[in-house]
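S.K.: Here it is, the structure in full.
No value in this document is a laboratory result; all are computed from the given coordinates. Values in this document were obtained by computation on a predicted structure and should not be read as measured data. In this analysis, Cβ positions are derived from the backbone assuming ideal geometry, glycine residues included, and neighbour counts consider all displayed protein chains.
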Amino acid sequence: MIPLISVVGTGRVGSSIAFLCVSNALDDVLLVNRTKDKALGESLDISSAIPSNSKFSIRGTDDYSELVGSDVVVITASVGVYTKDRSENMDIQVKMIKNIAEKIKQYCPSAIVLIISNPLDVLTYYFQKSSGFSRFKVIGIASSLDTSRFRYCISETLDVPQSSVQNALVLGEHGDSMVPIFSGVSVGGNPLFSMIDSRDTISENVRNYWKTLRNFKSRSQFGIAKNTFDVIESILNKKEIEIPASIVLEGEYGEYNVSMGVPVKIDQNGVSQIREINLDDDELSLLKKSSEKIRSDIKLVSH
Ligand SMILES: NC(=O)c1ccc[n+]([C@@H]2O[C@H](COP(=O)([O-])OP(=O)(O)OC[C@H]3O[C@@H](n4cnc5c(N)ncnc54)[C@H](OP(=O)(O)O)[C@@H]3O)[C@@H](O)[C@H]2O)c1
């Protein structure tokens, strides 16, 4: 079997992504985990979800050399659980991503790489810089999850179905400085601004969504799994999607030396376009603050 989708780090998030790929018969899946037994256990469990008419399979390993042939590699590896801020384990996560980048460069240099591990934007930046991969092939997936959460928070505030909330978008850091973009949002065809007094409560609820969730469940897994699955599907099925995602910027939005969530189009070759959309003055200034926060985190671990 030549694996086409490889998932590095098969904890909660990695195994949930693998489950969606396998149960939707998307392609063969390889699980790579530091502790081999975990990869073996998850692959045995997920194998039972292979549809009877699927020609694809799943297997687990701790051996990176088995990545050879991967078209898409998803990185969900993590060496610690943060409790207050996603940047908490930054030093150790950056070391980890640099090691993984070396292996991916060695075994599947043509793969499109989706970064899921936190701190998301910093790791996307360091993966791209250490691998030397085209920036269009290293994509941090998180702002689409934050956008799903933004839509949820609007629908809860206004007591309307989530489906009536259109053109919601979250840009910038996958962290406390993320920027929910209100200016384009419509609800049931009407501008959101005509329905709310202040952006602040909704913004805080979006930023703190993960903390609220952790009051009830140890960590999130399904939302990011579905958002990541959608991207893998668009790559493998050659079906363009447009989402906000983190990518190293070289002048877009006036930014350099940083990776952050911006609207992108993704197809079978990775990011095909970075869209520069109109934002109001408040949003532009918040986005600038967000990029500065990520850039200062990048500098903190650059020694
Ligand atoms: N982007 C987003 O929106 C989003 C959303 C949710 C979560 N996340 C992030 O996703 C990551 C995973 O979360 P999780 O809840 O799935 O964590 P988890 O359950 O702790 O799983 C992490 C897995 O990574 C493995 N691992 C550690 N270092 C490795 C390496 N060098 N190579 C291969 N595998 C390695 C661990 O193996 P062991 O079994 O040996 O410990 C563990 O199985 C975290 O960084 C989390 O913050 C991101």
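S.K.: Picking from Tyr125, Tyr152, which residue would you name as being among the hydroxyl-bearing types (Ser, Thr, Tyr) and under 21 Å from Ala77 (Cβ atoms)?
M.R.: Within the list Tyr125, Tyr152, the selection yields Tyr125.
S.K.: Next question. Search the range 197-223 for residues being in contact with a helix residue (DSSP H, G or I) (Cβ under 7 Å, 6 or more places away or on another chain) and closer than 19 Å to Asn167 by Cα, and hand back the single one that is farthest from the ligand (Cβ to nearest atom).
M.R.: Residues of the range 197-223 that are in contact with a helix residue (DSSP H, G or I) (Cβ under 7 Å, 6 or more places away or on another chain), as a first pass: 202, 205-206, 209, 219-223.
From what is left, the residues that are closer than 19 Å to Asn167 by Cα are 202, 205-206, 223.
Values: Ile202: 19, Asn205: 16, Val206: 12, Gly223: 7 Å.
The selected residue is Ile202.
S.K.: Sticking with this structure for a sec: Quick check: anything in the range 52-75 near the ligand (Cβ under 10 Å from one of its atoms), in a loop (DSSP other than H, G, I, E, B) and either in contact with a Lys or Arg (Cβ under 9 Å, 6 or more places away or on another chain) or hydrophobic (A, V, I, L, M, F, W, C) (or both)?
M.R.: Taking every residue of the range 52-75 in turn, at least one turns out to be near the ligand (Cβ under 10 Å from one of its atoms), in a loop (DSSP other than H, G, I, E, B) and either in contact with a Lys or Arg (Cβ under 9 Å, 6 or more places away or on another chain) or hydrophobic (A, V, I, L, M, F, W, C) (or both).
S.K.: What number of residues in the range 13-33 are out of contact with any helix residue (DSSP H, G or I) (no Cβ under 9 Å at 6 or more places or on another chain) and either near the ligand (Cβ under 10 Å from one of its atoms) or in contact (Cβ under 8 Å) with a residue 60 or more places away in the chain (or both)?
M.R.: Adding up the residues that qualify gives 0.
S.K.: Within the range 205-220, how many residues turn out to be farther than 15 Å from Arg86 by Cα and either in contact (Cβ under 8 Å) with a residue 24 or more places away in the chain or surrounded by 13 or more Cβ atoms within 10 Å (Cβ to Cβ) (or both)?
M.R.: Going through the range 205-220 one residue at a time, the tally reaches 1.
S.K.: Another question, then. Scan the range 99-144 for residues that are hydroxyl-bearing (Ser, Thr, Tyr), surrounded by 18 or more Cβ atoms within 10 Å (Cβ to Cβ) and outside any helix (DSSP H, G or I) and report the count.
M.R.: Count: 1.
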